[in-house]
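> Okay, here's the structure, questions in a sec.
The values are calculated or read from the model by the stated rules, or taken from the named source; none is laboratory data. Quick caveat: nothing in here was measured; it's all calculated off a predicted structure. Cβ: placed from backbone, ideal geometry, glycine included. Neighbour counts: every protein chain shown. Just the protein is used for accessible areas: all its heavy atoms, side chains included, with ligands, DNA and RNA removed. Shrake-Rupley method; radii C 1.70, N 1.55, O 1.52, S 1.80 Å.
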Amino acid sequence: MEPTTVRGTGVVAGYAYAPAAWTRPAPVPPSNTTPITEEDRPAEVERFKRAAALVAARFSDRASAATGAASNVLGATAKLAADRGWNRAAIKAINNGSSAEAGTTQAISQFVAQFEKLGGLMAERTTDLRDIRNRVVAELMGLPEPGVPQPTSPVILCADDLAPADTAGLDPKLVRALVTRLGGPTSHTAIIARQLGIPCIVATSALHQVSEGVAILVDGTSGIITLEPDQAEAEALVEKDQALREEIRSWAGPAQTSDGVHIQLLANVQDGAAARKASMSLAEGVGLFRTELCFLTAQTEPSVNEQAKIYGEVFEAFSGKKVVVRTLDAGSDKPVPFANHAEEENPALGVRGIRLGWTNPGLVDRQLDAIAQAAEDNGVSEAWVMAPMIATVDEAFEFAAKCRDRDLKPGIMVEVPAVAMLPEKFLEEVEFFSIGTNDLTQYTMAADRMGSALAQLTDPWQPGVLRLIANTAAAGQKMNKPVGVCGEAAADPLLACILIGLGITSLSMATGAIPGVGVQLGKVSLQQCQDAAQQVIDARNSRDAKELAAKLLG
Ligand code: PEP
Ligand code: MG
């Protein structure tokens, strides 16, 4: 009899085989709501303060023990746990007669509602808030910390969803893969799994079929989880996979196909610190500098000089190399206080990115002045600059004129399907394209990139998306202008080969993904990539596309 399988969306490739270990459920606070008497309230407040401080201290300890992104994530959660705002709200509730457990729950619900109203990145932090609530309530009730178990032998971690704090302290030697019922390709779980170098599957709706302790085989490429597989076969697959991981660890670049065709692999960065870190990797430059991420808390627009200093740090880190600066992609999931448009019903389809210039025409001009100044200050001979969310040829024309006035090399992001359908018209106006597959997929499939229930649709392997990429790349080849990819698709080793086969000229990704992509490209010839790409764009669905690519190139 064939073993049972359940399917999700594979987001980090690789095989893992181990028993399933589920996260511990959140505590259920006592429903008894007898008000705390006035005389007992000070002691109840103290009880709350001790529990909240202990939870915050545990996060800080784990932040100090972790490194890189994990440490930053834990540090941010420690700050949120100690935040005076929600702590004060909880104390107020206790002083009004609530128990410490109920006060914690009320205060966090109030803050979750506020964060959800703000939307975007703030809304994503509600997972952290709920996680803090669960930990504080468990502490108050004398229960073990909810969340991730602390295994002593290898396991595959299964969860409905994982909070950043859960995933940040994980030891990849013991946690061999992550599988969640919710989550999407760009969710936090996927990002941390990529950083830890362990396979990851999200959006596994039937994950409840996997019971605690059952041996499972995880295939992070196909998204298939096999329950109680043949042990020898599973171990052989994992062994082969580990050999590949070793190859990835020792990859020394630069990227080239097996027949020696050089492929430019670049880094996505958000500030000077990230650029300096990326400059120590094998990235050949920066393919996407997300400038809006420098200003997520800026209430007023920084002056041209201030902006120039920030952008200059990135030019300096990659002195003499290619750096592509993207103008502010503010709005929707990346709110920038000084640039945001008024509240909208549907912000992903609203006034975001280049459209902010409609109501604030000087915004782009001042940013381009700052980029030009930074380029001059750092002796950059060719500064590549691109605009996000371009939808019409007129917008491309106007943006390019502003860039050329300042001696900047103009390009645009291809994120709106309208551009990918008429790429030649747009390429007549600009010098290069960079395809943002995260938004291109969101808009092509009409599926919110933040929605975990939509993970199957927000998959760049969707043949409709691949067709648009093919159309765009073909225009670039015909007109001899570079067309890169800087969305998450570029970081998927198999998809990277398909993109190169379609005629994409550079791939930009999170620094940690570069060696995996480099190794995979080295295993195939350009002709193989081209042949596979032609077959894959004819697939019926994203699953077939992935499986076909794995068969032809894996
Ligand atoms: C994209 O849309 O693919 C992209 C790279 O831009 P961002 O993820 O910043 O929206
Ligand atoms: Mg985008």
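> Name the residue, out of LEU440, LEU427, that is open to solvent by less than 10 Å² (accessible area, probe 1.4 Å) and within 12 Å of ligand 2 (Cβ to nearest atom). If you could, list the steps in order and put the result at the bottom.
Details: LEU427 fails: within 12 Å of ligand 2 (Cβ to nearest atom).
The unique qualifying residue is LEU440.
> Now a separate question. Which of the residues that make up region 78-120 are touching a residue at least 60 places away in the same chain (Cβ under 8 Å), touching a Ser or Thr at 6+ places or on another chain (Cβ under 9 Å) and farther than 20 Å from MET141 by Cα?
GLY119, GLY120
> For region 379-392, does any single residue satisfy the condition of being in contact (Cβ under 8 Å) with a residue 12 or more places away in the chain, part of a helix (DSSP H, G or I) and open to solvent by 10 Å² or more (accessible area, probe 1.4 Å)?
Step one: of region 379-392, the residues in contact (Cβ under 8 Å) with a residue 12 or more places away in the chain are 379-380, 382-392.
Right, trim to part of a helix (DSSP H, G or I) and you get none.
So far as region 379-392 goes, no, none of its residues is in contact (Cβ under 8 Å) with a residue 12 or more places away in the chain, part of a helix (DSSP H, G or I) and open to solvent by 10 Å² or more (accessible area, probe 1.4 Å).
> In region 426-438, is there at least one residue being among the hydroxyl-bearing types (Ser, Thr, Tyr), within 16 Å of ligand 1 (Cβ to nearest atom) and within 29 Å of ASP369 (Cβ to Cβ)? Spell out how you get there, then give the answer.
The initial filter retains those residues of region 426-438 that are among the hydroxyl-bearing types (Ser, Thr, Tyr), namely 434, 437.
Within this subset, residues satisfying the condition of being within 16 Å of ligand 1 (Cβ to nearest atom) are 434, 437.
When the remaining residues are screened for being within 29 Å of ASP369 (Cβ to Cβ), the result is 434.
Looking through region 426-438, at least one residue is among the hydroxyl-bearing types (Ser, Thr, Tyr), within 16 Å of ligand 1 (Cβ to nearest atom) and within 29 Å of ASP369 (Cβ to Cβ).
> When residues of region 140-161 are filtered for being closer than 25 Å to GLU46 by Cβ and assigned to a loop (DSSP other than H, G, I, E, B), how many remain?
6
> Being over 20 Å from ALA267 (Cβ atoms) and modelled with pLDDT of 95 or more is true for just one of ALA550, ALA539. Which residue is that?
Details: ALA550 fails: modelled with pLDDT of 95 or more.
Residue meeting the stated conditions: ALA539.
> Can you name the residue in region 51-78 that is of a type in the set (A, V, I, L, M, F, W, C) and at pLDDT below 85 and is also surrounded by the fewest Cβ atoms within 10 Å (Cβ to Cβ) among such residues?
Per the criteria, the residue is ALA65.
> Give all pairs with beta carbons closer than 7 Å in which a residue from region 336-355 that is in contact (Cβ under 8 Å) with a residue 12 or more places away in the chain meets a residue that is assigned to a helix (DSSP H, G or I); count only pairs at least 6 apart in sequence or on separate chains.
These pairs meet every condition: VAL336/GLU292; ALA339/LEU356; ALA339/LEU363; HIS341/LEU356; ALA348/GLN442; VAL351/TRP358; ILE354/GLU395; ILE354/PHE399.
> Separate question: Would you mind listing the helices (runs of 4 or more DSSP H) fully within region 180-291 where at least 2 residues are charged (D, E, K, R) and either open to solvent by 10 Å² or more (accessible area, probe 1.4 Å) or out of contact with any Gly (no Cβ under 7 Å at 6 or more places or on another chain) (or both)? Before you say what the answer is, go through the steps one by one.
Working: elements: 188-196, 231-249, 272-279.
Because the criterion is at least 2 residues that are charged (D, E, K, R) and either open to solvent by 10 Å² or more (accessible area, probe 1.4 Å) or out of contact with any Gly (no Cβ under 7 Å at 6 or more places or on another chain) (or both), the helices (runs of 4 or more DSSP H) in region 180-291 that meet it are 231-249, 272-279.
> Of the conditions (1) farther than 21 Å from GLN527 by Cβ; (2) within 16 Å of ligand 2 (Cβ to nearest atom), ILE469 fails just one. Which one is it?
(1)
Residue by residue, here is whether (1) in contact with a strand residue (DSSP E or B) (Cβ under 6 Å, 6 or more places away or on another chain); (2) buried (at least 18 other Cβ atoms within 10 Å of the Cβ) holds:
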site: CYS294; (1), (2): no, yes
site: ASN305; (1), (2): no, no
site: VAL314; (1), (2): yes, yes
site: PHE318; (1), (2): yes, yes
site: LEU328; (1), (2): no, yes
site: ALA339; (1), (2): no, yes
site: GLU343; (1), (2): no, no
site: ILE354; (1), (2): yes, yes
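Yes/no per residue for (1) touching a residue at least 40 places away in the same chain (Cβ under 8 Å); (2) away from ligand 1 (no atom under 16 Å from the Cβ); (3) over 22 Å from ALA510 (Cβ atoms):
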| residue | (1), (2), (3) |
| --- | --- |
| THR291 | yes, no, no |
| GLN299 | no, yes, yes |
| ASN305 | yes, yes, yes |
| ALA308 | yes, yes, yes |
| LYS322 | yes, yes, no |
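> Across region 413-424, which residue is nearest to ARG290 (Cα to Cα) among those that are within 16 Å of ligand 2 (Cβ to nearest atom) and outside any helix (DSSP H, G or I)?
Within region 413-424, the first condition is being within 16 Å of ligand 2 (Cβ to nearest atom), and the residues that meet it are 413-420.
Going one step further and asking which of them are outside any helix (DSSP H, G or I), we end up with 413-416.
Details: MET413: 12, VAL414: 15, GLU415: 14, VAL416: 18 Å.
Per the stated criteria, the residue is MET413.
> Give me the residue from region 398-422 that is open to solvent by 10 Å² or more (accessible area, probe 1.4 Å) and under 28 Å from the mean Cα position of the chain (by Cα) and, out of that set, farthest from ligand 1 (Cβ to nearest atom).
Ranking the qualifying residues of region 398-422, first place goes to LYS409.
> Does VAL136 count as buried (at least 19 other Cβ atoms within 10 Å of the Cβ), aliphatic (A, V, I, L, M), in contact (Cβ under 8 Å) with a residue 12 or more places away in the chain and farther than 15 Å from ALA81 by Cα?
So VAL136 does not fit the description; no.
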